[in-house]
1. So which of GLY43, GLY38, GLY123, GLY119 is within 16 Å of the ligand (Cβ to nearest atom), of a type in the set (Gly, Ala, Ser) and at pLDDT 95 or above?
2. Specify which of the listed residues (LEU172, LEU106) is over 14 Å from ILE216 (Cβ atoms), hydrophobic (A, V, I, L, M, F, W, C) and within 15 Å of the ligand (Cβ to nearest atom).
3. With respect to the numbered conditions (1) surrounded by 15 or more Cβ atoms within 10 Å (Cβ to Cβ); (2) touching a Ser or Thr at 6+ places or on another chain (Cβ under 9 Å); (3) of a type in the set (Lys, Arg), which one is the sole condition not fulfilled by ARG145?
4. Would you check which residues across the range 133-171 are of a type outside the set (A, V, I, L, M) and under 22 Å from VAL187 (Cβ atoms) and list them?
5. Considering only residues that are more than 9 Å from the ligand (Cβ to nearest atom) and not in a strand (DSSP E or B), look in the range 181-202 and name the one that is nearest to VAL156 (Cα to Cα).
6. So, of the residues in the range 24-35 that are at pLDDT 95 or above and among the charged types (D, E, K, R), which turns out to be surrounded by the most Cβ atoms within 10 Å (Cβ to Cβ)?
7. Search the range 203-232 for residues being on the phi < 0 side of the Ramachandran plot and assigned to a loop (DSSP other than H, G, I, E, B), and hand back the single one that is nearest to the ligand (Cβ to nearest atom).
8. Hey, can you tell me all the residues within the range 132-146 that are more than 16 Å from the ligand (Cβ to nearest atom), touching a Leu at 6+ places or on another chain (Cβ under 9 Å) and touching a residue at least 60 places away in the same chain (Cβ under 8 Å)?
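The values are calculated or read from the model by the stated rules, or taken from the named source; none is laboratory data. Note that the coordinates shown come from a computational prediction; the quantities given were computed from them, not determined experimentally. A quick note on method: Cβ atoms are made from the backbone with ideal geometry, for glycine too, and the neighbour counts reach across all protein chains shown.
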Amino acid sequence: MTEELFRSDHYLKSCEATVTGVEPRGIELDRTVFYVMGGGQPGDSGVLKLADGSNVRIEDTRKGEAPGEIFHVPAAGQAMPAVGDKVVAEIDWARRHRHMRIHTSLHLLCAVIPAGVTGGQIGDGKGRLDFDTQEPLDKDTITERVNKLVEEDHKVGVRWITDEELAAKPDLVRTMSVKPPMGQGRVRLLDIEGVDLQPCGGTHVARTGEIGKVVITKIESKGKHNRRVNIAFAE
Ligand SMILES: [Zn+2]
């Protein structure tokens, strides 16, 4: 079980940790700042700095089968640490921050397009959401409306509700294919004040202004009920 420091503070770039497991598929730590791939957001890359001055380069972060199991996936051909080693775990912050900006922009897309979400993906500098709608969507209009929400610099925060409260408010759940993780008693909501509120476990920027200017690059028709909206940084 790894303590997931990245869940409560999206701006943590590094932490001290102890190696608790070493397997061919990855290194386990007692705590980590590395976001573990999930919810359409890629796992973090970065480095584990050992006490002897050597570094283990991490190229991905993946879930194991057991709940709370997180594997830091090392790049090929490196010396592995040993169980019990103290490390400083440090993410590639520039890459993660781009993920946070794109991820937050997808919430703004949800606010602009009032339809169920059937899928999505966050990449480096770009992302996409699939909407269950037959309505024609206009690239320029959506670009303008998302950028207005960016410029208005809305506060982005996290709050929690109980499973019962969420069950009583099914309209909070925008994703049609992926249900929020219930069964732990409470669910994390991502709240862009006055704009968007929905369950989400990813990492986000603190204010919408931090996203910067974005552009809808492409809207594709993926079947009768499905519109794929692609978004990217404008510069
Ligand atoms: Zn989110």
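1. Sole residue among the options that is within 16 Å of the ligand (Cβ to nearest atom), of a type in the set (Gly, Ala, Ser) and at pLDDT 95 or above: GLY43.
2. LEU172
3. (2)
4. HIS154, LYS155, GLY157, ARG159, TRP160, THR162, ASP163, GLU164, GLU165, LYS169, PRO170, ASP171
5. Step by step, filter the range 181-202, then rank; the result is GLU193.
6. GLU28
7. Here the answer is HIS204.
8. The answer is ILE142, and nothing else.
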